[in-house]
Amino acid sequence: MSLAFPAAEPVLLPIEGTVEKFPVRRVYCVGRNYADHVVEMGGDPDREAPFFFQKNPDNLVSAGDGFPYPPQSDDVHHEVELVIFLKSGGSAIPASEAFDCVFGYGVGIDFTRRDLQAAAKKAGKPWTAAKAFEHSAPVSAVTLASRTGHPAAGRIWLSVNDTVRQDGDLGQMSWKVPEIIAELSQLFTLAPGDVIFTGTPAGVGPVRRGDRIACGVDGVATLSLSVI
Ligand code: MN
């Protein structure tokens, strides 16, 4: 067997405290998971069933230390999110067993072309172009769950040019980590290497070329990059 052309390189993420790498399989994202962000986007804060969309594995990789401002948008927003990294998976995983699937946690940014998303919502069209573009999901290194525990509370924040824009707490998540894994596994077969973005607190807003962005989940990870 020979390949018609070289296969794409697998996406490998650094793991804090080891030389081993985390090989990425799929990237899932949860929409509207913090009530105060639902309200700022004009939605109903009553808890609704979680819904999911996807990004591409290679979207996790920054361009050097930067986030290249994407084409076809004038309104790209930051969304800081707790990120789950899976070491095992399955289908119909009970919430009571979901923590067994978790390899570690990190922080990431779900960059969103808000103008394209608004147009898609209005037209009842998919979010793919708004969400799954190049470099749209930069993440920190993976921190092992054996170091972080399974964080259910703690500050999640993002600053732009040293001004705090998002300042929430994981305790505000409508759907918690085990519930997200359980729900997602009803729809998809989860597997080692899957990555899950868990939604963003209030304070999302636009970024511009030259902005310096820092974000973190206290006790888990931090991430810094510039918009280039
Ligand atoms: Mn998001």
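The values are calculated or read from the model by the stated rules, or taken from the named source; none is laboratory data. This is a predicted model, so every value here is computed, not measured. Heads up, the Cβs are rebuilt from the backbone with ideal geometry, glycines too, and the neighbour counts pull from every protein chain shown. Note: areas computed on protein heavy atoms with side chains; ligands, DNA, RNA excluded. Shrake-Rupley method; radii C 1.70, N 1.55, O 1.52, S 1.80 Å.
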Over the chain: helical MRE at 222 nm, DSSP H runs n ≥ 4 each giving -39500 (n - 2.57), nearest 500: -4000 deg cm²/dmol
Radius 14 Å from Cβ of residue 154, net charge of other residues (Lys, Arg +1; Asp, Glu -1): -1
Tensor-based shape of segment 89-182 (alpha-carbon gyration tensor, a/c under 1.5 rounded, otherwise prolate or oblate): oblate
Largest-first principal axis extents of the Cα set of segment 12-226 (Å): 42, 38, 28
Within the accessible area of segment 31-159 (1.4 Å probe), percent carbon and sulfur: 52 percent
For the chain, accessible area per residue (1.4 Å probe, heavy atoms of protein chains only), Å²: 46 Å²
Hz values of 3J(HN,Hα) by residue in segment 148-154 - Karplus curve (6.51, -1.76, 1.60), Gly and Pro given as x: 8, x, 10, x, 10, 8, x
Cα gyration tensor shape of segment 2-62, rounded if a/c is under 1.5, else prolate or oblate by comparing a/b with b/c: prolate
Net dipole in debye of the chain [+1 Lys, Arg Cβ; -1 Asp, Glu Cβ; about Cα centre; nearest 20]: 400 debye
Per-residue ³J(HN,Hα) for segment 52-61, Karplus 6.51 cos²θ - 1.76 cosθ + 1.60, θ = phi - 60°, Hz, x for Gly and Pro: 10, 9, 10, 10, 9, x, 6, 5, 6, 8
Cα gyration tensor, segment 1-127 - rounded (a/c under 1.5), prolate or oblate: oblate
